[in-house]
Amino acid sequence: MANWNDPRPSQTGFGASPSIAAGRATYDVGLRRYMLSIYNYMASGVLLSGIVALVFASSGFAAQVMATPLRWVIALAPLGFVMAMSFGLQKMQTSTLKALFWAFSVAMGLSLSSIFLIYTGPSIASTFFATAAAFAGLSLVGYTTKKDLSGFGTFLIMGVWGLLAAMIINMIWPSQGLGLVISLLGVLIFAGLTAYDTQRLKQTYAHVAGSDMMGKVVIMGALSLYLDFINMFTFLLQLLGDRR
């Protein structure tokens with residue numbers, strides 16, 4: 001949805017009626033509260049995943065489990081939660097969607113525990129903070145830009161599918177050069193998606209404000225930004241991380 005279809009009143013300053021000014025102020029307050037809720041859920045999910053990953057790796061269970069076929073269950077479990085939340089969105093209660101989001105965050109934490117077995121702690125920490133800074137800047141761009149990013153987003157989503165195909169090929173025929181290209185493209189694609197998803201969520205508020213769907217959109221928005229952040233982090237870690 002482009003900005004020209006934004007239902008907010010545009011007349012401000014001298015000559016604007018009090019009712020229009022008050023309506024815009026109310027809209028802006030609601031929008032900020034809505035976006036803050038999304039960021040709070042997203043940040044809480046990332047924090048929960050980080051704690052689970054660190055505890056699971058530190059306990060020694062991660063090293064044991066990752067050496068067995070059970071590692072595939074752990075690796076694919078987050079995808080199962082994403083699919084369940086996406087396809088069951090209309091039928092699920094908001095409370096059910098929230099429970100699945102927290103379960104997804106735990107499952108993602110178990111999956112991410114393997115990075116503590118591969119990379120050094122300082123490199124993980126520095127990459128995380130670099131990703132957080134980049135995410136904040138890109139999300140701010142998506143929130144404030146007047147440029148419609150919908151066409152850009154479509155291109156990036158196509159890039160994700162191409163990235164998945166390249167990753168499968170690299171699993172079958174490993175190549176260090178291809179792996180480097182995949183990591184670099186992954187960082188760029190999910191950096192772009194961060195700005196796109198932020199703008200998309202901002203524009204969605206006009207359609208869900210005051211409706212029963214708003215709580216669900218907040219959770220799914222948090223899931224989208226979570227995935228943008230985590231993917232950007234993991235690809236950046238593959239580029240910059242120091243291996244043990």
*Determine whether segment 132-144 contains at least one residue that is aliphatic (A, V, I, L, M), closer than 14 Å to Met35 by Cα, modelled with pLDDT of 95 or more and in contact with a Lys or Arg (Cβ under 7 Å, 6 or more places away or on another chain).*
no
*If you check Asp28 against the conditions, is it at pLDDT 65 or above and closer than 23 Å to Tyr205 by Cβ?*
yes
_So for segment 212-235 (the condition being surrounded by fewer than 20 Cβ atoms within 10 Å (Cβ to Cβ) and not in a helix (DSSP H, G or I)), does at least one residue qualify?_
yes
*asked:* It is to be established whether one or more residues within segment 51-74 are at positive phi, more than 14 Å from the chain's Cα centre (by Cα) and not hydroxyl-bearing (Ser, Thr, Tyr).
replied: yes
*Give the residue that is modelled with the lowest pLDDT, with candidates limited to residues of segment 170-207 that are β-branched (Val, Ile, Thr) and out of contact with any Gly (no Cβ under 9 Å at 6 or more places or on another chain).*
Ile172
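For (1) touching a helix residue (DSSP H, G or I) at 6+ places or on another chain (Cβ under 6 Å); (2) farther than 18 Å from Ala222 by Cβ; (3) part of a loop (DSSP other than H, G, I, E, B), each residue gets a yes or a no:
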position	(1), (2), (3)
Val55	no, yes, no
Thr96	no, no, no
Ser123	no, yes, no
Thr127	yes, yes, no
Ala130	no, yes, no
_Complete set of residues in segment 98-121 that are part of a helix (DSSP H, G or I), touching a residue at least 60 places away in the same chain (Cβ under 8 Å) and within 19 Å of the chain's Cα centre (by Cα)_ = Lys98, Phe101, Phe104, Ser105, Met108, Gly109, Leu112, Ile115
*Could you grab the pairs with beta carbons closer than 8 Å, sequence gap of 6+ or different chains, first residue in segment 200-221 and touching a residue at least 40 places away in the same chain (Cβ under 8 Å), second one of a type in the set (Phe, Trp, Tyr) and surrounded by fewer than 16 Cβ atoms within 10 Å (Cβ to Cβ)?*
Lys202/Tyr143
*asked:* Against the conditions (1) within 19 Å of the chain's Cα centre (by Cα); (2) not in a helix (DSSP H, G or I); (3) not aliphatic (A, V, I, L, M), where does Thr154 fall short? Just the number, please.
replied: (2)
*Output for segment 57-92, where each listed residue is under 17 Å from Phe104 (Cβ atoms) and either touching a Pro at 6+ places or on another chain (Cβ under 7 Å) or not in a helix (DSSP H, G or I) (or both)*: Gly88, Leu89, Met92
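The values are calculated or read from the model by the stated rules, or taken from the named source; none is laboratory data. Bear in mind that the values here come from a model prediction, so they are computed numbers and not experimental data. With ideal geometry, Cβ positions are generated from the backbone for all residues, glycine too; neighbour counts draw on all protein chains shown.
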